[in-house]
Amino acid sequence: MPSATPLKPITGMLKKRIIRDLAIGLGGGYVVAEVYWHYFSKHLKRVDDYYAKHGRLSDR
């Protein structure tokens, strides 16, 4: 039978994990949002240029 050794204290692990999860979540979300906005704003510019060239449908 193995000897009875005390377990390591769990103190601080939860705090470190919460901080790590928040940092990864917020950092990853920021990166994804920047990439999305970069490509989405290019699409919006193309749409605006198209309507500026061809006229708006409501002007007919």
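The values are calculated or read from the model by the stated rules, or taken from the named source; none is laboratory data. Note that this is a predicted model, so its numbers are computed, not measured. Here the Cβ positions follow ideal geometry from the backbone for every residue, glycine too, while neighbour counts run over all protein chains shown.
General observations
- Considering (1) at pLDDT below 85; (2) surrounded by 10 or more Cβ atoms within 10 Å (Cβ to Cβ), the lone condition that ALA4 does not fulfil carries the number (2).
- Within region 25-53, the set of residues being over 9 Å from the mean Cα position of the chain (by Cα) and among the small types (Gly, Ala, Ser) comprises SER41, ALA52.
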